[in-house]
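The structure that follows is given in the form of structure tokens.
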Amino acid sequence: MGSTIGTELGTTFSAIAPLGQTQYVDLYQVLQVSATADMEAVRSAVAKQRHLWVKRQTSADPGRRTEAEARVRDIDRAEQVLLDLSSRAAFDRERNAHRPSDADNPGAAHYATRGAIDAEAWFLRAHSSFLLGNVSDAGHEFTEAIRLRPDSALYHYGFAEALAAQEKWREALVEYEHALRLDPGNPEYRTSIAVACLQDEKADRAVELMEALITEFPETEVYEYYLGIALHDNALDALGQIKPFAYTGRMADSGGYSVVSEAQADWLERQAGRIQALRCKDPEIRRTAEHLMELATDARNVRWNLEGSGPWVGAFVLFGVLPFLGGLSVSAGAVIFGLIVGGLIAALFTSTRRAPVWKHKLTALTETGRLLYPGI
């Protein structure tokens with residue numbers, strides 16, 4: 001069913017997407033940020049838009065796939081231009097001098113459908129609203145299209161995308177799954193379900209979905225991209241979960257996760273190895289593997305914990321140093337006693353205070369009651 005709908009609306013996608021390389025492209029509109037957005041806002045928008053459009057490159061419909069591929073190119077260009085001060089200044093001058101035409105503006109398609117009542121026109125309005133970043137309007141317009149044609153997988157998928165853009169992940173997941181029921185096996189919809197699962201803390205299901213897709217489509221790098229992210233998040237879910245900590249009414253530590261066992265360090269290394277074995281060369285995926293390896297390495301580093309060591313020092317001096325020094329001129333037995341007891345105290349102190357970082361964290365979190373879940 002999905003392919004039939006895509007064929008019906010193939011001209012719609014090309015008509016409303018200002019993505020051709022011969023047309024002017026407003027890079028701020030591509031990222032859906034203002035022209036005054038700072039570098040951090042631009043970086044965040046690049047990541048958000050890339051996640052949204054990369055998965056659409058897996059669509060079986062040529063029109064949707066072409067649109068997504070062009071959009072990803074525009075996102076890449078926006079990243080290069082807007083994160084470089086001189087390039088951004090030049091683009092701003094070009095943008096200020098540019099007079100947009102209808103071909104440059106997805107809003108033209110939206111305007112042209114005012115008053116239309118058929119399902120396809122509602123879909124056209126919804127899709128153009130989506131491109132303009134008016135995701136709330138898009139959501140309403142997608143629901144109107146669904147009302148008129150409830151058996152359209154594409155309409156349900158579009159509504160899910162609008163919900164996801166508003167970070168309403170559980171509602172989006174319901175619509176993604178509805179779309180998949182109407183168009184079983186659709187790889188684009190399955191990928192979107194995996195992405196929604198990652199946002200809803202269901203990384204294990206996301207891993208299952210993406211591994212199945214890679215088995216079916218082994219040459220598709222996009223699936224490896226999302227599998228890499230899913231493996232990373234699933235690896236973190238297996239770690240110890242830490243309760244937030246407030247001090248004098250203020251949040252001192254927001255909690256999160258931590259390696260609290262040797263098994264967890266091993267697990268992180270194995271998952272990092274799986275990510276590194278993927279053919280996907282995207283820098284983000286490389287960083288996810290590096291992050292897991294760093295967590296494992298840091299957890300295994302051996303450190304001293306000298307907090308509260310005063311009593312140990314006192315016992316060492318009292319039962320080790322003083323008998324040893326006092327016995328040098330009086331009694332060989334006292335010297336031996338000082339050596340033995342002092343050595344035992346030093347050995348016991350070392351065994352309890354010099355350990356891998358994960359062991360120190362486990363002790364501290366357990367003693368303070370902040371370990372919510374010990375992990376695997």
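Coordinate-derived values only; no laboratory data. These numbers were taken from a predicted model, which means no experiment stands behind them. A quick note on method: Cβ atoms are made from the backbone with ideal geometry, for glycine too, and the neighbour counts reach across all protein chains shown.
For the stretch 207-352, restrict the atom set to alpha-carbon positions and state the Rg and Dmax in Å.
Values for the stretch 207-352 (Cα only, Rg and Dmax): 25.6, 84 Å.
A further question follows. Go through the stretch 338-351 residue by residue and turn each phi into a ³J(HN,Hα) via Karplus (6.51, -1.76, 1.60, θ = phi - 60°); whole Hz please, and just put x for glycine and proline.
After applying 6.51 cos²θ - 1.76 cosθ + 1.60, I find x, 5, 5, 5, x, x, 5, 5, 4, 5, 5, 4, 5, 5 Hz.
How large is the charge dipole for the stretch 219-376, taken about the Cα centre, if only the Cβ atoms of Lys, Arg (+1) and Asp, Glu (-1) carry charge, to the nearest 20 debye?
In total the dipole reaches around 580 debye.
Something else: Considering only C-alpha atoms, what is the centroid distance from the stretch 326-349 to the stretch 31-50, in Å?
Using only Cα atoms to place each centre, the spacing works out to 67 Å.
Enter the angle in degrees (range 0 to 90, nearest 10) between the Cα long axis of helix 262-276 and the first principal axis of the Cα atoms of the chain, meaning the one along which they spread out most.
With both axes taken from Cα atoms, the answer is about 30 degrees.
Tell me, Met293, Met39 in order of fewest to most beta-carbon neighbours within 10 Å?
Working: Met293 17, Met39 12.
Lowest to highest Cβ neighbour count: Met39, Met293.
In whole percent, what relative contact order does the chain give with Cα contacts below 8 Å and a gap of six or more residues?
Value for the chain: 12 percent.
Further question: Once you've got the GNM for the chain with C-alpha springs shorter than 10 Å, pick whichever of Gln276, Gln241, Gln80 has the biggest mean-square fluctuation.
Gln80
Another question, if that's okay. Name the long-range amide H neighbours of Tyr257: under 5 Å, sequence gap of 5 or more, or other chain; modelled H, no Pro or chain starts.
For Tyr257, whose amide H was placed from the backbone, the distant partners under 5 Å are Ile242.
Then there's this: For n ≥ 4 DSSP H runs only, could you compute -39500 (n - 2.57) per run for the chain, divide by its residues and tell me the 222 nm figure to the nearest 500?
Numbers: 20 runs with 255 residues, N = 376.
Rounded to the nearest 500, it is -21500 deg cm²/dmol.
Ok, one more. Where in the chain is the longest stretch that carries no GluC sites (Glu not before Pro) classed as loop by DSSP and with at most 15 other Cβ atoms within 10 Å? Present the calculation step by step, with values, prior to reporting the outcome.
Details: sites that count: Glu167, Glu201, Glu219, Glu307.
Within the chain, the longest run free of exposed GluC sites (Glu not before Pro) spans 1-166.
Looking at the chain from every direction and averaging, what is the projected area of its Cα convex hull in nm²?
On the way: hull surface 105.6 nm².
Convex hull of Cα atoms, orientation-averaged projection: 26.4 nm².
What is the magnitude of the charge dipole of the chain about its Cα centre, with +1 placed on the Cβ of each Lys and Arg, -1 on the Cβ of each Asp and Glu, and no other charges, expressed in debye to the nearest 20?
1260
Sorted from fewest to most neighbouring beta carbons within 10 Å, what does the list Ile275, Ile117, Ile340, Ile214 look like?
Values: Ile275 25, Ile117 9, Ile340 14, Ile214 18.
Listing Ile275, Ile117, Ile340, Ile214 from fewest to most nearby Cβ atoms yields Ile117, Ile340, Ile214, Ile275.
Can you list residues from other chains, or at least 5 along the same chain, whose modelled amide H is less than 5 Å from the amide H of Arg303?
Ala355, Val357
Which listed residue (Ala235, Ala60, Pro283) has the Cα farthest towards the positive end of the charge dipole for the chain, taking +1 on Lys and Arg C-beta and -1 on Asp and Glu C-beta about the Cα centre?
Value: Ala235.
Just to confirm the filter: which trypsin sites (Lys or Arg not before Pro) across the stretch 255-335 are DSSP coil and have at most 13 other Cβ within 10 angstrom of their Cβ? Please list the in-between numbers first.
Details: sites: Arg270, Arg274, Arg279, Lys281, Arg286, Arg287, Arg300, Arg303; in loops: Arg279, Lys281.
Here the trypsin sites (Lys or Arg not before Pro) that fit, given the DSSP loop and packing criteria, are Arg279, Lys281.
Check which residues have an amide H placed less than 5 Å from Tyr373's amide H, if you skip close sequence neighbours.
Result for Tyr373 returns Gln241.
DSSP loop trypsin sites (Lys or Arg not before Pro) in the stretch 113-163 with at most 12 other Cβ atoms within 10 Å of their Cβ, which ones? Present the calculation step by step, with values, prior to reporting the outcome.
Numbers: sites: Arg114, Arg125, Arg147; in loops: Arg114.
Of the trypsin sites (Lys or Arg not before Pro), the ones in loops of the stretch 113-163 whose Cβ has at most 12 other Cβ atoms within 10 Å are Arg114.
If you don't mind, another one. Could you give each residue of the stretch 357-364 its phi-based ³J(HN,Hα) in whole Hz, using Karplus coefficients 6.51, -1.76, 1.60 with θ = phi - 60°, and x for Gly or Pro?
Values, residue by residue: 4, 4, 6, 4, 5, 4, 4, 5 Hz.
Could you list Leu328, Leu132, Leu239 in order of exposure, starting from the residue whose Cβ has the fewest other Cβ atoms within 10 Å? Please list the in-between numbers first.
Values: Leu328 12, Leu132 18, Leu239 24.
Final ranking by Cβ density, sparse to dense: Leu328, Leu132, Leu239.
Which of the listed residues, Leu325, Ser192, Ala346, is farthest toward the dipole's positive end in the chain, when Lys, Arg count +1 and Asp, Glu count -1 at the beta-carbon?
About the Cα centre, the residue reaching furthest to the positive side is Leu325.
Taking a threshold of 27 Å on the Cα-Cα distance, which of the pairs Lys202/Lys281; Lys55/Lys243; Lys55/Lys361 fall above it?
Details: Lys202/Lys281 25 Å; Lys55/Lys243 34 Å; Lys55/Lys361 39 Å.
Over 27 Å apart, Cα to Cα: Lys55/Lys243; Lys55/Lys361.
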